[in-house]
Amino acid sequence: MNIDPKTAIIILWGVAALVLAWTWVPALISSLGGTRYFTGLAPDLEGAERSKKEPDYEFWAGQIQALGYEPLGFAWSRINFAGPEWAVFTPLRIFVHRQKQCYAVMQKAPAPFWFWPGAIFVTTWTDGTLLISDNNIAAEPNPDDELMRQGVVTLKLAEVELAHLVTMDVLRKSGRKPEPELTVDVLLTALHKHFGAEARKNFSRAGTQYLFAHGLIHICLSTPAAYIAGIGHWSVPLVNLVLAFIMLYGESSQKRQYAAAVRAAFRSKQQGWDEDRDER
C-alpha cells in the first residue's frame, strides 16, 4: 500500500486503541462510579394478554395472573456503563394486586440470555424502603437495609409470594406502612433509587476487575515484543490488536454458550414442572 513504516505503526496503534476502547472505556467509567441506572415506560406492543410466542413469558405470567394480579404496564430498565458493556437493556412487565399492596415484576434477562427467568414481588414503603422477593435467590431480608431482598429458589411463584406476604406482615407489625399509591411511576421511582445505587457499587467493582485482568494480560504479552524489537516496532501494536480481538471473541462466545445452557436448563425445568402439574 506504499505506506511508510511510521505511518503504518501509527495506524496500527490507532486501530488497537479503538478496539481496546470498546470495552476499556465503559469499564474505566464504571470503575470510577459512572454507572447509571434508568427506567421508563414502554409502549404496549404486545397487549395485556399473555404472549403465546414466548413460552417463558406464558409460564410466569400465567402463575402471576392466577394469584390475582392484573397487568399494570410495560416498562424498561437500562444500565449505562455496566462494567465493560456500554449499556444493558431489559424489558419489564409489571402486574399489581391492590388488596395485597404488592407488585409482581417480570424482568427479561439481557442479551444474549434474552429469556424470562421468573418474577419478583415488590412492595414500596412510606419510609422509602423497598422489599423484594425473588424466585432465583435464596436469602433472608435484613430489616435495617433500605433495599430488603429475600428469595426462594423455586418455579412456583406462589411460594415466593407467600414468603413476601409473611415478611410484609412482620414489617407492618413493626410500624411500617406500604405506599398506598400503586402506580407504575411510584414503582419505577423506587427501583431507580435503590437499584441505581446497587448498580454503581457492583459495576464499579466489575469495571476495576476487568481493567486489572485485561491490562495485566496485555502488558505480559506485549512486553516480550517491546523488549526484543522496541516499543516503536509494528509488532507491539499488532500483538495488542490481535490479542484484543481474540479476547473479545472468546468472551462473547463463552457468554453465548453459557446463555444457551441457562436457557435450556430453565426451559427443561419448566417443561418438567408443567408435565407434573398435568399428571396431577
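Taken together, the values in this text are just the output of simple stated rules run on the coordinates, not laboratory data. Worth saying up front: this structure is predicted, and the values here are computed from it rather than measured. Cβ coordinates were reconstructed from backbone atoms using ideal geometry, including for glycine residues, and neighbour counts include every protein chain displayed.
Before we move on, is Phe81 surrounded by 17 or more Cβ atoms within 10 Å (Cβ to Cβ), on the phi > 0 side of the Ramachandran plot, in contact (Cβ under 8 Å) with a residue 40 or more places away in the chain and in contact with a Phe, Trp or Tyr (Cβ under 9 Å, 6 or more places away or on another chain)? I'd like the intermediate steps shown before the answer.
Details: surrounded by 17 or more Cβ atoms within 10 Å (Cβ to Cβ): yes; on the phi > 0 side of the Ramachandran plot: yes; in contact (Cβ under 8 Å) with a residue 40 or more places away in the chain: yes; in contact with a Phe, Trp or Tyr (Cβ under 9 Å, 6 or more places away or on another chain): yes.
When the stated conditions are applied, Phe81 passes them.
All but one of (1) within 30 Å of Ala244 (Cβ to Cβ); (2) surrounded by fewer than 19 Cβ atoms within 10 Å (Cβ to Cβ); (3) touching a Gly at 6+ places or on another chain (Cβ under 9 Å) hold for Tyr210, so report the exception by its number.
(2) is the only condition that Tyr210 fails.
Go through Leu191, Leu187, Leu241 for me and flag whichever is crowded, with 17+ Cβ neighbours inside 10 Å, aliphatic (A, V, I, L, M), touching a residue at least 40 places away in the same chain (Cβ under 8 Å) and out of contact with any Ser or Thr (no Cβ under 7 Å at 6 or more places or on another chain).
Working: Leu191 fails: out of contact with any Ser or Thr (no Cβ under 7 Å at 6 or more places or on another chain); Leu187 fails: out of contact with any Ser or Thr (no Cβ under 7 Å at 6 or more places or on another chain).
Exactly one residue qualifies, and that residue is Leu241.
If Ile120 passes every condition in (1) surrounded by fewer than 16 Cβ atoms within 10 Å (Cβ to Cβ); (2) among the hydrophobic types (A, V, I, L, M, F, W, C); (3) without any contact (Cβ under 8 Å) to a residue 60 or more places away in the chain but one, which one does it miss?
So the condition that Ile120 fails would be (1).
When you go through (1) within 14 Å of Thr124 (Cβ to Cβ); (2) in a helix (DSSP H, G or I); (3) not aromatic (Phe, Trp, Tyr) one by one for Asn240, which number turns out not to apply?
(1)
Restricting to region 191-237, name every residue that is among the charged types (D, E, K, R) and farther than 19 Å from Ser77 by Cα. Even if it seems obvious, please write down each step before you answer.
Within region 191-237, the first condition is being among the charged types (D, E, K, R), and the residues that meet it are 193, 198, 200-201, 205.
Passing the criteria: only Arg205.
In region 163-175, is there at least one residue being of a type in the set (Lys, Arg) and under 30 Å from Gln254 (Cα atoms)?
Applying the first criterion (of a type in the set (Lys, Arg)) to region 163-175 yields 172-173.
Now drop any that are not under 30 Å from Gln254 (Cα atoms), which leaves none.
Scanning region 163-175 turns up no residue that is of a type in the set (Lys, Arg) and under 30 Å from Gln254 (Cα atoms).
Quick one: which of Leu171, Leu147, Leu187 is farther than 30 Å from Val19 by Cβ and either of a type in the set (Val, Ile, Thr) or more than 21 Å from the chain's Cα centre (by Cα) (or both)?
Values: Leu147 fails: either of a type in the set (Val, Ile, Thr) or more than 21 Å from the chain's Cα centre (by Cα) (or both); Leu187 fails: either of a type in the set (Val, Ile, Thr) or more than 21 Å from the chain's Cα centre (by Cα) (or both).
Exactly one of Leu171, Leu147, Leu187 is farther than 30 Å from Val19 by Cβ and either of a type in the set (Val, Ile, Thr) or more than 21 Å from the chain's Cα centre (by Cα) (or both), namely Leu171.
Look through Ala259, Ala226, Ala199, Ala264 and report the one residue that is out of contact with any Ser or Thr (no Cβ under 9 Å at 6 or more places or on another chain), surrounded by 13 or more Cβ atoms within 10 Å (Cβ to Cβ) and of a type in the set (Gly, Ala, Ser).
It is Ala259.
I need the full set of residues from region 1-42 which are in contact with a strand residue (DSSP E or B) (Cβ under 6 Å, 6 or more places away or on another chain) and part of a helix (DSSP H, G or I), in order please.
Pro26, Ile29, Ser30
Which ranges mark the strands (runs of 3 or more DSSP E) fully within region 88-173 that have 1 or more residues being hydrophobic (A, V, I, L, M, F, W, C) and within 23 Å of Glu70 (Cα to Cα)?
Details: elements: 102-107, 120-124, 130-134, 147-151.
Qualifying strands (runs of 3 or more DSSP E): 102-107, 120-124, 130-134.
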